[in-house]
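Since the structure comes first, as structure tokens, the remarks are kept for the end.
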Amino acid sequence: MWKTVLRRILLMIPQIIILSIIVFTLGKMMPGDPFTGLITPDIDPSVIEALKEKAGLNDPLPVQYKNWIVRIIRDGDFGKSYTYKMPVATLIGERAKNTLWLSLLTLILTYLIAIPLGIYAGRYQNSCFDKCVIIYNFISYAIPSFILSLILLAIFGYRLEWFPTTGSVEIGVQKGTIDYILSKLHYMILPAITAAVLRTTGTIQYLRNEVIDAKTQDYVKTARSKGVPINKVYTHHIFRNSLLPIAAFFGFTITGLLSGSVFIETIFSYSGMGELFITSITSRDYSVMNALVLLFGVLTLFGSLLSDIIMAFVDPRIRIE
């Protein structure tokens, strides 16, 4: 199996190279540049041109791409942010910590909500509980993420004032203290709940369908005919087998949370990679934008590999050859 994993990783190299070319080209096709916002009637156009020349923006595209990719491979240097005046790697590293903790809390809340609802909805099919779960699924699937975010923000942030509406931690709290951890958690709860509600739909539906299908399988009928208690049948047989599709998508779920919180972080002004991505687009900060898109693409590739590995360990019948 590990030979296949190594081969998959080697195959990612040309995929990442192609992705980097596409990302760089699309970024350069955007109108304007990082210095467009500096243009005013009082500034000399030669100053802007000098800044572009110094940044290498007047070089041919192949030369710009070569310089960019060589710096990344050789030095791990993604360039410098024109907006924040700091190295891109440092900037993304700071924001990645916030996104990572938000994603972890979202993942925990997602499964705490989805697994019980999916299991019990499948077990008690066509009951009032099952119908309520189906209605919940329809609503959470149909409502856009920004609509739900604005509703929860208006109710729990502005009206009830239970949660903060901007930022990721209270200003002035010392790092490493209990107060700092509690403040971080307080700022994460509302965006995490919002993201979790939106992401439970697929998990609930998968589990519900798997439980319903498993109830008619021969191994369940055999266990029941041997007198195995119904609760044990569900916990030791149906529940375990129903989790296989969830395990198959677990890698994609993790990487999707890391790269897919753009709307949530932007609406809640949460200082993560998603909010940074939107800021880099609006300010034409090519260095940050290209680095983030490339990072999101690489995460997706590794998410696919991680899902295959998890599936191979969870289900003994499956082995990557």
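The values are calculated or read from the model by the stated rules, or taken from the named source; none is laboratory data. Predicted, not measured: the structure shown is a model, and the values here were computed from it. Positions of Cβ are backbone-derived with ideal geometry, glycine not excepted, and every protein chain shown enters the neighbour counts. Protein only, heavy atoms only, side chains kept; ligands, DNA and RNA dropped before computing areas. Shrake-Rupley method; radii C 1.70, N 1.55, O 1.52, S 1.80 Å.
Within the stretch 173-214, being without any contact (Cβ under 8 Å) to a residue 24 or more places away in the chain and open to solvent by 80 Å² or more (accessible area, probe 1.4 Å) holds for Gln174, Lys175, Ile178, Asp179, Ile181, Leu182, Asp213.
Taking the condition of a type outside the set (A, V, I, L, M, F, W, C), open to solvent by less than 60 Å² (accessible area, probe 1.4 Å), at pLDDT below 80 and over 18 Å from Ile281 (Cβ atoms), does Asp59 pass? Yes. Residues that are at pLDDT below 75 and either in contact with a Phe, Trp or Tyr (Cβ under 9 Å, 6 or more places away or on another chain) or within 22 Å of Pro87 (Cα to Cα) (or both) within the stretch 1-27 comprise just one, Gly27.
A quick yes/no check of all residues on (1) in contact with a Leu (Cβ under 6 Å, 6 or more places away or on another chain); (2) buried (at least 22 other Cβ atoms within 10 Å of the Cβ); (3) of a type in the set (S, T, N, Q); (4) at pLDDT 85 or above:
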| site | (1), (2), (3), (4) |
| --- | --- |
| Pro245 | no, no, no, no |
| Phe250 | no, no, no, no |
| Ser271 | no, no, yes, no |
| Tyr286 | no, yes, no, no |
| Leu292 | no, yes, no, yes |
| Val298 | no, no, no, no |
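Restricting the stretch 88-125 to residues that are under 27 Å from Thr279 (Cα atoms) and among the small types (Gly, Ala, Ser), the residue that is least open to solvent (accessible area, probe 1.4 Å) is Ser103. Going through the stretch 151-178 one residue at a time, which ones are within 15 Å of Ile189 (Cα to Cα) and touching a helix residue (DSSP H, G or I) at 6+ places or on another chain (Cβ under 7 Å)? Leu152, Leu153, Phe156, Gly157, Trp162, Phe163, Pro164, Thr165, Gly167, Ser168, Val169, Glu170 - these are the residues of the stretch 151-178 that are within 15 Å of Ile189 (Cα to Cα) and touching a helix residue (DSSP H, G or I) at 6+ places or on another chain (Cβ under 7 Å).
Of all the criteria given as (1) modelled with pLDDT under 85; (2) among the polar types (S, T, N, Q); (3) more than 19 Å from the chain's Cα centre (by Cα), the one not satisfied by Thr203 is (3). Taken over the stretch 134-143, residues that are touching a residue at least 12 places away in the same chain (Cβ under 8 Å) and either exposed (fewer than 12 other Cβ atoms within 10 Å of the Cβ) or among the polar types (S, T, N, Q) (or both) amount to 2.
Within the stretch 144-163, if we keep just the residues that are at pLDDT below 85 and assigned to a loop (DSSP other than H, G, I, E, B), the residue that is most open to solvent (accessible area, probe 1.4 Å) turns out to be Glu161.
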